[in-house]
Amino acid sequence: RYGQFKLGGKEWHEQSILAKRKNCEVCGAIYFRDVNGVKVQDAVQHIHHIFSRRFLDKWVPDMSPHASVNLMSTCGSDHGYWTANVERYLFVGDTMRFVEWVKKSDWPIDRIKAAAHYYGLTTLEKFL
């Protein structure tokens, strides 16, 4: 549990259902396809926090990390890429490196800007 908002609570459950898509919002990977009437899973869907609970708990602890503007559907590969390569720059305060990684990836900048705006992360929003 991070701060007052926990993963697995009612709000998380409701918002994660609303965030589900048929395709990854980053690369377009299809999660399931129909093969002769049988659902075949092509990619694993992750409901991704654009700005993580840990990060938001530090900077805007009174706002829920589970807001719909902060959630998106990603495949496992894109979720892992974000966690391993992009998110770490937020934790060390390296805004410019974070922006650099976002811009050189296929992540939808408009979604990241919208989440930054929602949480009042104006400096970050300005550079995206």
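Looking only at the range 58-71, residues that are within 19 Å of residue 124 (Cα to Cα), touching a strand residue (DSSP E or B) at 6+ places or on another chain (Cβ under 7 Å), of a type outside the set (A, V, I, L, M, F, W, C) and outside any helix (DSSP H, G or I) come to 2 in all. Would the range 112-128 turn up any residue that is under 10 Å from the mean Cα position of the chain (by Cα), crowded, with 17+ Cβ neighbours inside 10 Å and assigned to a helix (DSSP H, G or I)? Checked against the condition, which is being under 10 Å from the mean Cα position of the chain (by Cα), crowded, with 17+ Cβ neighbours inside 10 Å and assigned to a helix (DSSP H, G or I), the range 112-128 yields at least one hit. When you scan the range 34-55, do you find a residue that is surrounded by fewer than 18 Cβ atoms within 10 Å (Cβ to Cβ), free of Cβ contacts under 8 Å to residues at least 40 places away in the same chain and within 22 Å of residue 128 (Cα to Cα), even just one? Within the range 34-55 (the criterion being surrounded by fewer than 18 Cβ atoms within 10 Å (Cβ to Cβ), free of Cβ contacts under 8 Å to residues at least 40 places away in the same chain and within 22 Å of residue 128 (Cα to Cα)), the answer is no, since none of the residues qualifies. What are the residues in the range 72-90 that are buried (at least 19 other Cβ atoms within 10 Å of the Cβ) and over 21 Å from residue 123 (Cβ atoms), if any? Within the range 72-90, 72, 73, 74, 75, 78, 79, 81 qualify. Taking the listed residues 68, 105, the one that is open to solvent by less than 30 Å² (accessible area, probe 1.4 Å) and among the small types (Gly, Ala, Ser) is 105, with no other qualifying. In contact with a Ser or Thr (Cβ under 9 Å, 6 or more places away or on another chain), at negative phi and at pLDDT 95 or above, is that true of residue 70? It is true that residue 70 is in contact with a Ser or Thr (Cβ under 9 Å, 6 or more places away or on another chain), at negative phi and at pLDDT 95 or above. Of all the numbered requirements in (1) over 29 Å from residue 22 (Cβ atoms); (2) open to solvent by 10 Å² or more (accessible area, probe 1.4 Å); (3) of a type in the set (Val, Ile, Thr), residue 99 misses one, and that requirement is (2). Reported count of residues in the range 1-55, each being closer than 20 Å to residue 90 by Cβ, assigned to a loop (DSSP other than H, G, I, E, B) and modelled with pLDDT of 85 or more, is 5.
Of note, residue 37 satisfies the criterion of being farther than 16 Å from residue 124 by Cβ and either touching a Leu at 6+ places or on another chain (Cβ under 8 Å) or not hydrophobic (A, V, I, L, M, F, W, C) (or both).
The values are calculated or read from the model by the stated rules, or taken from the named source; none is laboratory data. The shown structure was predicted, so the numbers you read here are calculated from the model rather than taken from an experiment. All Cβ positions, even for glycine, are placed from backbone atoms using ideal geometry, and neighbour counts span all protein chains on display. Quick note on the areas: whole protein, heavy atoms, side chains included, nothing else; ligands and nucleic acids left out. Shrake-Rupley method; radii C 1.70, N 1.55, O 1.52, S 1.80 Å.
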